[in-house]
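The values are calculated or read from the model by the stated rules, or taken from the named source; none is laboratory data. The structure displayed is predicted, hence computed values, not measured ones. Reconstructed Cβ throughout: ideal geometry from the backbone, glycine too, with neighbour counts over all protein chains shown. Surface accessibility is based on the protein's heavy atoms, side chains included, excluding ligands, DNA and RNA. Shrake-Rupley method; radii C 1.70, N 1.55, O 1.52, S 1.80 Å.
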Amino acid sequence: MTTLTQTSTQPRPAPAAPLNAKKKPFNLGQVWVYVVALTVIAASVGPVAYVWIGGFRRTADINANPAGWPDPWTIDSYLNVLTSNRFWGSVFSSSLVAIGTTAGVVILGVMAAFVIARYTFRGRGGLYALFAAGLMFPVTVAALPLSIMLRDIGLHGTFPGLIIPQVAFALPTTIIILVPFLRAIPNELEEAAAIDGASRIGFFWRIMLPLSGPGLITVGVLAFVNSWNAYLLPLLLMAAGGMPQDLWTLPLGVQQYSTQYSADTGAVLAYTSLSMLPALAFFLFAEKRIVGGLSGAVKG
Amino acid sequence: MTVTQAAPPPVASDTGPAKTQTRAPRRKPGGNNGRKWLEIALFAGPALLVFISFVIVPVALAAVYSLYNWNGLGPLDRFIGLDNYVRAFSDPLFIKAIGNNATIVIASILVQGPLAIAVALLLNRRMRGRGLIRALIFVPYVLAEVIAGLSWKLLLSPRGGINAILEGIGLGHLAKPWLADPDTALWVMFGILTWKYLGFAILLMLAGLQGVPEELHEAAAIDGASWWQTQWRITLPLLGPTIRIWIFLSMIGSLQLFDMVWVTTKGGPVGATNTMAVYMIQYGQGQYGYGSAIAVILFVISLIVALVYQRFAMRRDLAGAITSGVR
């Protein structure tokens, strides 16, 4: 599997280098790549590992030495969190909101992006600019008027009352990422489909959607992660709307827990690390699909 | 305003027949125009409706509230004109917050951008454990800002993990109350943000790199180009659109920074890490008219930055996009 990428890290670009280098098992450039990769990984994962490992320590030990190794290992903090209703309520709530938001924004987003990417019409630039301008509309600006609106239509403090505004605020990013994806699909394909008698809609369903799979997965993952991690909108639309505390999303729940039990560092660390887990598991799973999808599309 | 542009009269669509012909020769120009507009309405309509109702309208309402002295509950009847805006711009704390946002915008582009491109170039190759490496680099981005912020707050507290580690390896003189020192708190905050968002930048760059055909690299190698020459002359220019979009997203994100600061420092110490959004929540609660004025200022600043950037940096991307579907 040693191909160009290896040979091209050779310092001297002698014309014959590609052939020679193919026989080498590895070279210095490749080692250097691994050193950089490991450094970046250590910096990325280190703080997370600290929180996880800290959850296995007793609070008294943490206070005595904040950077120590667990001695003895104890899973009491983790067990306490895992047997509490509020943790599982938060997991349920975060899942429901994130799935609803993702489904909504991917469906609405790909439809709008299709029009912007593949139709010629007056106002297309304006339409794109309108959604792009949405990137500059901070959630904070809209939050209170939004909660008043939702109160008037009876959705304040409900799941749809959080999901629909989150879809609305996720649309700009989704559309801006999807438009280039849909645009990159060659016109020849569309022409061929037209010659074969497919309508625009038929082209959308049969060719556009399957080919834009990687793009859809990318925006879907982004929407899911953003919803899962959202703080301000849940705070103002869910907590302030009277949703019971057991059904607050995880970020709200963690923040609340860490304020409530701030003296018990071990418990806070355990709650924090367990809150990371669902998003991490989802992403580790989805990341493979992203990379697989992308390379599949390229090598196809 | 822009909304009206989205639904112009159907007849006007074929302004330039010549232009339509040089474009991809799709459907007959002028053909079934009604059907085209129906499709456009059906496809873009739902997104537009949700977006306008739940983003544009509330923001417009905030602009109205900013002209009132209003606590968010009673009737909206104490009109005070631009007083809220005057008050904001005469508060040194708010000016400081704008400066902090600007610092983070510039530092992010100068530090995170090159770093992300470098890492993405390194990882965009066949190597053992590539999937795992990529996944691990994305870990910070996956975490909620609240969770990441709480973790860093514990790590960086005077009696936290970082100082304990520094003492453990004999660098105890470097230990300090990281987030409590007004001189360095903003840079510590920037470090946390870099840790948090580098993964996203790398993700975007890697996706962009997938769009650079491998044949180009092979052709360059055959022509005797070195690895550096290939990256500099071929990969980077082709990565241009991705880089420009990342800069755009990064700038807007930096201007609207809230969660991380709110969870770790609440803008302190003495406003050292304050941002516009944090200031807005701090001073806007209970005085909603004033908070709305801050929101409008934040919005206008973001808008100007974005428009100027789009005009000068992203023009090529957008122009190419609109004038031809083919590259």
Leading residue at positive end of dipole, chain B (Cβ point charges), from B:A180, B:W262, B:I147:
B:I147
Hey, got the average number of other protein chain Cβ atoms within 10 angstrom for residues in A:30-36?
3
What is the average number of partner chain Cβ atoms found within 10 Å of a Cβ in A:169-180?
3
Alpha-carbon centroids, segment B:182-237 and segment A:61-99: separation in whole Å:
36
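With the full set of protein chains in place, find how many percent of the accessible area of chain B is carbon and sulfur; take the probe as 1.4 Å.
The computed percentage sits at 67.
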What FRET efficiency comes out for B:R128 versus A:A43 if R0 is 25 angstrom and r is the Cβ-Cβ distance? Round to the nearest 0.05.
0.75
Where does each of B:D183, A:D264, B:D77 land when they are ordered by accessible area, with a 1.4 Å probe and the largest first?
B:D183, B:D77, A:D264
With all protein chains modelled, accessible area of A:D152 [1.4 Å, Å²]
120
For A:E191, tell me the accessible area in Å² from a 1.4 Å probe, rounded to the nearest 10.
60
Once you mark the trypsin sites (Lys or Arg not before Pro) that are in a DSSP loop and have at most 13 other Cβ atoms within 10 Å, what is the longest gap between them in chain A?
A:24-300
So for chain B, averaging the separation of alpha carbon pairs under 8 Å that are six or more residues apart and normalising by length, what relative contact order in percent results?
27
If one computes the Cα centroid of segment B:54-132 and of segment A:202-275, what distance in Å separates the two points?
20
Under the rule of -39500 (n - 2.57) per DSSP H run of 4 or more residues, summed and divided by the residues of the protein assembly as shown, what mean residue ellipticity at 222 nm is obtained, to the nearest 500 deg cm²/dmol?
-21000 deg cm²/dmol
Interface residues of segment A:45-64, defined as losing at least 30 Å² of accessible area versus the chain alone with a 1.4 Å probe, are A:V45, A:P47, A:V48, A:Y50
In whole Hz, what ³J(HN,Hα) sequence does segment A:39-55 give by Karplus (6.51, -1.76, 1.60; θ = phi - 60°), x for Gly and Pro?
4, 4, 5, 4, 5, 6, 8, x, x, 5, 4, 4, 5, 4, 5, x, x
Taking chain A as a Gaussian network, Cα atoms linked when under 10 Å apart, which of A:Q256, A:Q30, A:Q245 shows the biggest mean-square fluctuation?
A:Q30
Name the most mobile residue of B:L206, B:L115, B:L38, meaning the one with the largest mean-square fluctuation, in a Gaussian network model of chain B with Cα contacts below 10 Å.
B:L38
Segment A:84-260 accessible area per residue, 1.4 Å probe, protein heavy atoms, integer Å², reads 33
Distant-in-sequence amide H partners of B:Y68 (H built 1.01 Å from N, under 5 Å)
B:I80
Heavy atoms of B:V64: accessible area, 1.4 Å probe, square angstrom to 10
70
What nm value, rounded to one decimal, do you get for the distance between B:E214 and A:A103 when each label is placed 7 Å out toward the C-beta?
3.8
Order of exposure, largest accessible area first, which applies to A:D76, A:D71 with probe 1.4 Å:
A:D71, A:D76
GNM of chain A, Cα pairs under 10 angstrom: of A:G68, A:G100, A:G241, the biggest fluctuation goes to A:G68
For segment A:255-262, what does the Karplus curve 6.51 cos²θ - 1.76 cosθ + 1.60, with θ = phi - 60°, yield as ³J(HN,Hα) per residue in whole Hz, taken in order and with x for Gly and Pro?
4, 4, 5, 5, 6, 5, 10, 4
At a 1.4 Å probe radius, which order do B:Y309, A:Y261 fall into by accessible area, largest first?
A:Y261, B:Y309
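Can you compute the FRET efficiency between A:A240 and B:L115 using 1/(1 + (r/R0)^6), with r the Cβ-Cβ distance and R0 = 41 Å? Round to the nearest 0.05.
0.60
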In this structure, the FRET efficiency calculated for A:A281 and B:A60 from their beta-carbon separation, with R0 = 41 Å, to the nearest 0.05, is 0.55
Please quote Rg/Rh for chain B to two decimal places, taking the Kirkwood radius as Rh and restricting both calculations to Cα atoms.
1.04
Here the gain from full extension of B:I95 to B:N71, 0.36 nm per residue of separation minus their alpha-carbon distance, amounts to 6.3 nm
For chain A, give the percent of accessible area contributed by carbon and sulfur heavy atoms, probe 1.4 Å, rounded to a whole number.
68
Can you work out the accessible area per residue across chain B, with the rest of the protein chains kept in place, probe 1.4 Å, in square angstrom?
46
State the extension gain, in nm to one decimal, for the chain segment bounded by A:A64 and A:W32, taking 0.36 nm per residue of separation less the distance between their alpha-carbons.
7.6 nm
Given a 1.4 Å probe and no ligands, DNA or RNA in the count, how much accessible surface is buried by B and A, both sides, to the nearest 100 Å²?
9700
